[in-house]
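Have a look at the structure below before the remarks.
The values are calculated or read from the model by the stated rules, or taken from the named source; none is laboratory data. In this text, all values refer to a predicted model and were calculated from it rather than measured experimentally. Neighbour counts run over all protein chains shown; Cβ positions are idealised from the backbone, glycine included.
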Amino acid sequence: MSTLKVGAIRGVSASSDAITVANDGTCTANITNNLSNRNMIINGAMQVAQRGNKTGATDHYGGCDRFKFLRDGATAVTLSQDTGIPEQGFPKAQRVDVTTADTSMGGTNYNILTTRMEGRNLQRIKKGTANALPITISFYIKSTVQGTYILELLDNDNSRSCSKAYTITGSNNWERKVITFPADTTGAFDNDNNLSMEINWWLGAGPTFTSGTLQDTWGTQVNANRAVGVVNAVNSTSNDIYLTGVQMEVGSIATDFEHRTASDDIMACQRYFQKSSGGSDVFLFAGKGQGSSSCDVGIPLCTPMRGTPTMVCSINRFFSTSTGSFSTSSTNPSVVQYQQGVDSFMLAMNCSGHTSSNNAVGNWSPSSSAFEIDAEL
């Protein structure tokens with residue numbers, strides 16, 4: 001009979017008699033978290049960038065999906081998907097390129113890169129119960145400006161927050177950060193599809209958010225305590241901030257990043273935003289005339305969306321098969337019906353500004369502009 005020896009496995013040492021299991025979190029026997037789907041962040045590897053670059057961003061999504069720039073003050077940035085750290089398994093990163101600087105950072109000014117989460121995706125944390133769990137967030141970050149930065153968890157359902165300081169020690173060098181937030185037995189997240197938590201990377205703030213004492217344990221949200229000590233990372237148009245490899249998991253141990261397939265990341269992002277190219281009437285959707293100045297159109301979705309979306313399509317056409325003619329409109333369509341649920345792969349919209357006859361059969365086209373469907377938090 002042959003003997004199987006176990007060795008050279010991370011977290012496990014072998015001898016002829018016994019197997020010793022490491023207790024430092026590197027062995028799966030000691031991980032209390034699920035091995036799959038443990039990362040609650042969508043698009044943490046920054047693989048998906050449906051919108052493309054967003055220039056002059058002040059309160060916008062842009063660049064990589066699910067990450068939004070917020071500001072009060074003079075700052076404007078360009079958001080883009082840029083080069084990450086291929087040697088660490090992250091070819092892509094979210095870049096925040098400062099194009100209009102805010103050198104004074106006074107009063108109520110703030111600059112934040114954020115990702116927002118639905119309550120139903122946070123229930124495993126057990127927040128607000130006696131069994132609440134800590135949360136560990138890990139990420140890679142690079143910035144032109146060295147110094148103290150703040151990462152904040154903001155509980156929108158209960159107006160509670162917790163902020164942790166971390167330090168960027170080198171200019172324009174990738175650094176990995178691991179930050180653990182304590183369990184919070186007060187205030188459960190709502191179990192619905194609405195905004196429950198924001199993860200905020202503070203990039204600068206005025207006295208309204210820095211004049212108190214940093215709230216590094218969970219408590220009632222007090223603005224003065226949210227970003228105490230944060231540097232001004234947007235004080236020059238030469239400044240850039242890059243972020244990638246973002247993972248949030250329950251427990252106090254940061255495990256290796258959970259890489260997902262591109263298709264999984266795309267579908268997860270399309271729950272919040274979908275975009276179809278336009279141009280030269282390449283894409284046609286069945287429609288019918290509605291009255292004399294609009295048409296109704298059914299739009300198939302890539303995946304069911306978080307909620308009833310809004311539409312952006314600045315130029316569109318309705319082709320009437322009865323007359324062989326078309327009319328053009330620059331009015332954004334409006335959603336008239338969307339039933340939320342796992343089987344909701346279709347929405348109905350009305351497009352005004354078209355010449356049509358009631359119930360005339362035809363086709364609708366996003367003629368020369370992108371067709372965007374937005375259900376972001």
Filter result (aliphatic (A, V, I, L, M) and surrounded by fewer than 19 Cβ atoms within 10 Å (Cβ to Cβ)) within the stretch 226-257: 253
Positions within the stretch 180-194 being over 20 Å from residue 222 (Cβ atoms) and assigned to a strand (DSSP E or B), in sequence order: 180
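Which residues, taken from the stretch 159-173, are assigned to a loop (DSSP other than H, G, I, E, B) and more than 21 Å from the chain's Cα centre (by Cα)? If you could, list the steps in order and put the result at the bottom.
Restricting attention to the stretch 159-173, the residues satisfying the condition of being assigned to a loop (DSSP other than H, G, I, E, B) are 159, 169-173.
169, 170, 171, 172, 173, listed by residue number.
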Failed item in (1) surrounded by fewer than 20 Cβ atoms within 10 Å (Cβ to Cβ); (2) free of Cβ contacts under 8 Å to residues at least 24 places away in the same chain; (3) over 29 Å from residue 219 (Cα atoms), with residue 85 passing the rest: (2)
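Residue by residue, here is whether (1) under 26 Å from residue 89 (Cβ atoms); (2) in a loop (DSSP other than H, G, I, E, B); (3) modelled with pLDDT under 95 holds:
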site	(1), (2), (3)
202	no, no, no
215	no, yes, no
237	no, yes, no
248	yes, no, no
255	yes, yes, no
259	yes, yes, no
265	yes, no, no
296	no, no, no
Count of residues meeting criterion [assigned to a loop (DSSP other than H, G, I, E, B) and closer than 20 Å to residue 48 by Cα] in the stretch 69-98: 1
Qualifying residue in the stretch 174-186 (condition: at negative phi, crowded, with 17+ Cβ neighbours inside 10 Å, among the acidic types (Asp, Glu) and assigned by TED's automatic domain parsing to the domain that holds residue 243): yes
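Of all residues in the stretch 142-163, count the ones that are hydrophobic (A, V, I, L, M, F, W, C) and buried (at least 23 other Cβ atoms within 10 Å of the Cβ).
Pass one, the stretch 142-163, residues hydrophobic (A, V, I, L, M, F, W, C): 145, 150-151, 153-154, 162.
Keeping just the survivors that are buried (at least 23 other Cβ atoms within 10 Å of the Cβ) gives 150.
The qualifying residues number 1.
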Selection count, the stretch 330-351, where residues are surrounded by 12 or more Cβ atoms within 10 Å (Cβ to Cβ) and not hydrophobic (A, V, I, L, M, F, W, C): 9
Search result, residues across the stretch 269-287 that are of a type in the set (Gly, Ala, Ser) and buried (at least 18 other Cβ atoms within 10 Å of the Cβ): 278, 287
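Among the candidates 65, 24, single out the residue that is among the acidic types (Asp, Glu) and modelled with pLDDT of 55 or more.
65
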Selected residue (criterion: farthest from the chain's Cα centre (by Cα)) from residues of the stretch 267-280 that are in a loop (DSSP other than H, G, I, E, B) and at pLDDT below 95: 280
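For the stretch 298-309, give me the residue count where each residue is assigned to a strand (DSSP E or B) and either surrounded by 14 or more Cβ atoms within 10 Å (Cβ to Cβ) or at pLDDT 95 or above (or both). Before the answer, list the steps.
Taking the stretch 298-309 and keeping what is assigned to a strand (DSSP E or B), we get 298-300.
From the residues that got through so far, the ones that are either surrounded by 14 or more Cβ atoms within 10 Å (Cβ to Cβ) or at pLDDT 95 or above (or both) too are 298-299.
Count: 2.
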